[in-house]
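The values are calculated or read from the model by the stated rules, or taken from the named source; none is laboratory data. These numbers come from a predicted model, not from an experiment. Ideal geometry is used to build each Cβ from the backbone, glycine not excepted, and the neighbour counts take in all protein chains shown. All accessible areas refer to the heavy atoms of the entire protein, side chains included, with ligands and DNA or RNA removed. Shrake-Rupley method; radii C 1.70, N 1.55, O 1.52, S 1.80 Å.
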Amino acid sequence: MVDLESEVPPLPPRYRFRDLLLGDQGWQNDDRVQVEFYMNENTFKERLKLFFIKNQRSSLRIRLFNFSLKLLSCLLYIIRVLLENPSQGNEWSHIFWVNRSLPLWGLQVSVALISLFETILLGYLSYKGNIWEQILRIPFILEIINAVPFIISIFWPSLRNLFVPVFLNCWLAKHALENMINDLHRAIQRTQSAMFNQVLILISTLLCLIFTCICGIQHLERIGKKLNLFDSLYFCIVTFSTVGFGDVTPETWSSKLFVVAMICVALVVLPIQFEQLAYLWMERQKSGGNYSRHRAQTEKHVVLCVSSLKIDLLMDFLNEFYAHPRLQDYYVVILCPTEMDVQVRRILQIPMWSQRVIYLQGSALKDQDLLRAKMDDAEACFILSSRCEVDRTSSDHQTILRAWAVKDFAPNCPLYVQILKPENKFHIKFADHVVCEEEFKYAMLALNCICPATSTLITLLVHTSRGQEGQQSPEQWQKMYGRCSGNEVYHIVLEESTFFAEYEGKSFTYASFHAHKKFGVCLIGVRREDNKNILLNPGPRYIMNSTDICFYINITKEENSAFKNQDQQRKSNVSRSFYHGPSRLPVHSIIASMGTVAIDLQDTSCRSASGPTLSLPTEGSKETRRPSIAPVLEVADTSSIQTCDLLSDQSEDETTPDEEMSSNLEYAKGYPPYSPYIGSSPTFCHLLHEKVPFCCLRLDKSCQHNYYEDAKAYGFKNKLIIVAAETAGNGLYNFIVPLRAYYRPKKELNPIVLLLDNPLDDLLRCGVTFAANMVVVDKESTMSAEEDYMADAKTIVNVQTLFRLFSSLSIITELTHPANMRFMQFRAKDCYSLALSKLEKKERERGSNLAFMFRLPFAAGRVFSISMLDTLLYQSFVKDYMISITRLLLGLDTTPGSGFLCSMKITADDLWIRTYARLYQKLCSSTGDVPIGIYRTESQKLTTSESRKIASQSQISISVEEWEDTKDSKEQGHHRSNHRNSTSSDQSDHPLLRRKSMQWARRLSRKGPKHSGKTAEKITQQRLNLYRRSERQELAELVKNRMKHLGLSTVGYDEMNDHQSTLSYILINPSPDTRIELNDVVYLIRPDPLAYLPNSEPSRRNSICNVTGQDSREETQL
């Protein structure tokens, strides 16, 4: 081993660590040879080629010099023609010989020498082995024709006056100009425009044709009419324009032949040039060209990046974006990789949009296309996802790449990004504003189960409306609903506000109540100057500061409002009678217009809170009355707030000790231990003490822990909430958390059943017959439909099937396209639905952005489209707080000290309050809640014919039984019992009603002659009604048979009529004098209960209380 190691040679010096530290000092004794590599550029030819051809700047200078020489030669030819005296005679010698002065000849010879030398040199440098290729080029031939005769005349003086067609140098000048433009673009490192080059070629070709024709005709007519240059120009213009006056015509056959030749050349060359120009113009129209750099620096613009542009998406964006007055001067640049759709092209040709919208076909991943859109100068960039794709994850990946590309190209450009899947949201956290579709969708679906029509409330708040929808309708509810839909969220600094400046140093609830009472505005939140977090209803303990930013709901913002006192309003009683009607419209003397709103200032004199306006009116013989509503204090104290309503769980107070112990063992309040995706907001909610085994989560299969196989066997105390989805995605987390929020009482927590497939058997097993709500999520598998609007086909048909089978079931669903909402609970012969369809068309013709709002399923909160929330992203450009407020309302974000959205139901014991203003005062003074709207349900007004039809349907069973009793009492007693049993709940044990109706009809036909005409008509109507009713009975029979086959009890399955007798709608921020009605649901923003918890008492009694239930008496005590 030692010998082997000794044989290893030592490392050379350059590899030693010492030499590495010393650098090249250890290499000084090494023998090294420096080798220089050349690419044959040191030869004389290569250096000339580098100077004349390869070098961009020197080549540009040489081509510019060559272009100048050609123009100079043409100018010398014109000077020679002008100086020449026309000779007399018609000899052909005048064609071949001209009069040329010596100085002019010298200049032309000099130009010819330089041009010929340059041409030969460039030919030599570009020579590649084929000499004929260089010689037979048209520019080389023209150069020989124009230069060689002048050079020969140097050695042969008699040829100095020989005619040389120097005017043909114009074609060489055209060729030099084209090369010069190419070198110019290369030298300044800019992309040349093919359209510019083609236009330049066309113009230069046309000029060369005209100049050649002018000079040729003038020269050939030297033996004819002896035309001058101006006459030749006149003739050429008249001829090429196909006018042909005939006053100037060529005489000689040579000039005529030349004209024919030039016309033939023009007919061949010009159409080719025009065709290429038209092709480039069409391609430019498809790609959209460029957005001007000068316009980008002088005007403001935003960029909209989409993968495919549809007409609905475009119109929603344009209508919402340009609804704001300060955005009228903005340009919208659309960057889309696909070709412009025909409908989009038609819309963009409308003058209102053609001057402000620019379409560019290109990709956001290419810097060249981003430069075309001037992304670095844009005020904002909106990046929208394609929700119509089957693979939404792939669509999100494309959106993420677009956002990264824009951020890399223009770091200072604000980004507004729409993402579909919540698990992909963390990739674009750098964006200024992000809207995740599934987060908002599932949150609204969940809140619709607790607070009815929350989706409609949010949709109306984020849409820009003038409040003029439905004002032409004859129905009162449409007027009220349409006017209140104009309310939006605005902001203003407290000290700059007329609404709220006087409430500095007062409590938040005091400011909210009195601002609504005096101005009709609803103060919902504030933000400190030094804090970025928005607080919704921070509660009565929050004191308003002068620098606070106030967020309020109103028809329009304060800056666009004018004020006048109530005394001035009394002088003009134009609109007074409008409010004394029984309907009590929620207008509060607001006169809405396009830009301004006039608001009446109420009497600000001090008035006792226990005055006559707040006291309960005496009723008949009753001498006692309830106490009046307490006033809202300027600064809240401990005794002014019912802390039990805020901090205690009333559901726990009414339970027995055993139930309380069992509930405490079952539930605990805390944060979920695991987050389903990165970026989910931690929410305080109800949790189980122990994790349930996975086998127990299967409701339809028993396991070793339980033997239940259907929802009925579990014995749930509360009604179910069933979610029918295609897959269990991460977005369901945002559906479950609001239903398990910490502020909800434990006894009101509804069991949640996830149904991944919905055949009839699975629906019955999961307890659809006693479910509170059925939530149907949009099916992603239907996104592959060829027609975009067919993406909702599967969802619509499934919901319609559920509606027909379980008409009493509350079904909530979400669609891709808002236009498809008209198919929800579709009735082909429903006159009221047809009337609403006509109203929707009229509102759309008037330019409304909310034409779909009068559809009964949308107004009632049974259906919504997530595409409606695209406007939330658009509004964030003007109102950067809208996304934060919407997330707080939906419970997606929780800010310490911020309130939450809930609801309460008006019962018969609460009607003594009478008006919305008194309700506002009661809530603010007792619990600190701030109401923001009313969900009202009314009986649907039917026509006389419809009322008769419904009445006949309701009485048909009685009429049939009476008729059967009179006959069967004489014939068969058991047949009558069978008939009575057929209308009982156990109808599956007897023949179908369709067969019985046919038997009954045959009996009527046999006894027909004995009845009078009136009785026969009545029986015919009853028979038709029975036929209709039998179809519903067949559906009921089908469901009950399946339930019995599955071993399920049929108790709880309710048969309902096939008509809807009620309609529901929302009144956002109604006026103080609006009457409250029985079963009204009031939307509340309740203060955060955790904000009032003492730090030293973490007891159960101080745990979180929740929104009171809608049907229970554990609501806010009025």
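Points worth noting:
- TYR124 accessible area, 1.4 Å probe, all protein chains in place, Å² to nearest 10: 110
- Between the stretch 900-927 and the stretch 290-308, the alpha-carbon centres lie 51 Å apart.
- Euclidean distance between Cα centres, the stretch 411-487 to the stretch 334-350, Å: 26
- Measuring between their Cα centroids, the stretch 528-563 and the stretch 189-267 lie 76 Å from each other.
- Rounded to whole Hz, the Karplus (6.51, -1.76, 1.60) HN-Hα couplings of the stretch 744-757, x for glycine and proline: 8, x, 5, 6, 9, 6, 8, x, 10, 10, 9, 10, 7, 9
- In the assembled protein chains, LYS425 presents an accessible area of approximately 30 Å² (probe radius 1.4 Å).
- Among residues other than SER255 with Cβ under 14 Å from its Cβ, the summed charge is +1 (Lys and Arg +1, Asp and Glu -1).
- Given LYS310/LYS374; LYS717/LYS746; LYS310/LYS879; LYS719/LYS747, the pairs whose alpha carbons are separated by over 18 Å: LYS310/LYS374; LYS310/LYS879
- As a rough guide to protection, the peptides 739-752, 318-331, 507-520, 906-919 ranked by mean Cβ packing within 10 Å, highest first, stand as 507-520, 739-752, 906-919, 318-331.
- Probe 1.4 Å, all protein chains present, accessible-area order of ASP929, ASP710, largest first: ASP710, ASP929
- Per-pair calculated FRET efficiency, R0 = 30 Å: ASP762 and LEU688 via Cβ, rounded to 0.05: 0.75
- For the peptides 1042-1048, 532-538, the ranking by mean Cβ contacts within 10 Å, running from highest to lowest, is 532-538, 1042-1048.
- Potential lengthening of the chain between LEU71 and LEU834 amounts to 267.0 nm, from the contour at 0.36 nm per residue minus the alpha-carbon distance.
- A straight chain from MET790 to ALA728 at 0.36 nm per residue would run longer than the Cα-Cα distance by 20.0 nm.
- Most to least packed among 686-693, 865-872 [average Cβ atoms within 10 Å]: 865-872, 686-693
- Cα gyration tensor, the stretch 854-937 - rounded (a/c under 1.5), prolate or oblate: oblate
- Pairwise FRET efficiency - ILE145 versus ILE78, Cβ, R0 = 22 Å, nearest 0.05: 0.75
- LEU815 long-range amide H proximity, modeled H, under 5 Å: PHE864, SER865, ILE866
- Computed P(r) (all Cα pairs; the stretch 679-725; 10 Å bins; percent): 19, 40, 32, 9
- Prolate/oblate/rounded label for the stretch 61-180 (Cα gyration tensor, a/c 1.5): prolate
- Restricting the chymotrypsin sites (Phe, Trp or Tyr not before Pro) of the stretch 418-487 to loop positions (DSSP other than H, G, I, E, B) with no more than 13 neighbouring Cβ atoms within 10 Å leaves PHE430.
- Scanning residues 5 or more positions from SER561 or on other chains, those with amide H under 5 Å from its amide H are VAL597, with H placed 1.01 Å from N in the peptide plane.
- In this structure the amide hydrogen of ILE419, modeled in the peptide plane, comes within under 5 Å of the amide hydrogens of VAL435, CYS436, GLU437, none closer than 5 places in sequence on its chain.
- Against the criterion of solvent-accessible heavy-atom surface with a 1.4 angstrom probe, ARG63, ARG295, ARG47 sort, most first, into ARG47, ARG295, ARG63.
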